[in-house]
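What follows is one structure encoded as structure tokens, with my remarks underneath.
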Amino acid sequence: MPTSVPLSFPLRLTLSPALLGLGLGFGLWTVVVPQAWSQTTLPGIDQRVSGEATLTLPDGTTYKGEVFNGRFNGQGVLSMSNGTRYEGNFKDGKYQGNGILTQADGTRYEGEFADGAYNGKGVLTNSDGSRYEGMFSKGVYSGPGILTLPDGTRYEGNFAAGEFNGKGVISYPGGVSYRGDFSNGKFEGPGVLSLPDGSRVIATWRNGQRLPK
């Protein structure tokens, strides 16, 4: 059955009055990424079966589509007993190629899969309204992408291992934005912090803190 992997991202920037030392505090936003159907071999199905099939598994999960050697292969629709539904291409019982994965709570992913996980370009929309559009690798954000949170926070830039890494721009509600380098979700290296009054702080950052000149 599908599992879930929580990914944490910086949610918002907290600025003290008068920007005391420009200390930056981050909350965390957790995104739950549904993972692949885990059964590559179907219980009770003759491994010689190939062709079009309509199957119902003991737990109520149903599959309608192409089967080869007793496994999902080709186009099909898998409706799981927990409300998760996948429509798209399969290879050897795993999600492969283009497909749409939806969950009972409304979370929806549309895009490319490889070896049962998000791989390539896709759009993930969560039930709370957060949305990611960009590149995935092995089920996590990796490469260029855009993450938008329900409060209006928006990040556009590079991701690695599911976090902000490399160059990017993050904009917060209230008019604060940062353009520059990130490492593991925090400001790192040269960057520009723009404030609501129009002023800018051009500095070098380490672990989310401005380094003294």
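The values are calculated or read from the model by the stated rules, or taken from the named source; none is laboratory data. Because the structure is a prediction, the values reported are computed rather than measured. Heads up, the Cβs are rebuilt from the backbone with ideal geometry, glycines too, and the neighbour counts pull from every protein chain shown.
In the range 43-61, is there at least one residue being modelled with pLDDT of 50 or more, within 26 Å of the chain's Cα centre (by Cα) and surrounded by 15 or more Cβ atoms within 10 Å (Cβ to Cβ)?
Within the range 43-61, one or more residues are modelled with pLDDT of 50 or more, within 26 Å of the chain's Cα centre (by Cα) and surrounded by 15 or more Cβ atoms within 10 Å (Cβ to Cβ).
Being in a strand (DSSP E or B) and modelled with pLDDT under 95 is the filter; apply it to the range 91-100 and report the residue that is surrounded by the most Cβ atoms within 10 Å (Cβ to Cβ).
Among those residues, the one meeting the criterion is TYR95.
Within the range 62-90, take every residue that is closer than 30 Å to SER127 by Cα and β-branched (Val, Ile, Thr) and give me the one that is modelled with the highest pLDDT.
Per the criteria, the residue is VAL77.
Name the pairs whose Cβ atoms lie under 9 Å apart, with the first residue in the range 139-160 and surrounded by 20 or more Cβ atoms within 10 Å (Cβ to Cβ), the second of a type in the set (A, V, I, L, M) and assigned to a loop (DSSP other than H, G, I, E, B), and 6 or more positions between them or separate chains?
From the range 139-160, the pairs are GLY139/ALA36; TYR141/ALA161; SER142/ALA161; TYR155/LEU149.
Return yes or no: is GLU87 closer than 29 Å to ASN73 by Cβ and of a type in the set (D, E, K, R)?
Yes, satisfied.
Within the range 169-180, which residues are touching a Lys or Arg at 6+ places or on another chain (Cβ under 8 Å) and surrounded by 20 or more Cβ atoms within 10 Å (Cβ to Cβ)?
Passing the criteria: ILE170, TYR172, GLY180.
Given (1) of a type in the set (Val, Ile, Thr); (2) crowded, with 19+ Cβ neighbours inside 10 Å; (3) within 30 Å of GLU87 (Cβ to Cβ), where does THR125 come up short, assuming only one miss?
Checking THR125 against (1) of a type in the set (Val, Ile, Thr); (2) crowded, with 19+ Cβ neighbours inside 10 Å; (3) within 30 Å of GLU87 (Cβ to Cβ), the one that fails is (2).
Inside the range 173-187, can you point out the residues that are under 26 Å from GLY139 (Cα atoms) and among the hydroxyl-bearing types (Ser, Thr, Tyr)?
Residue satisfying the conditions is SER183 alone.
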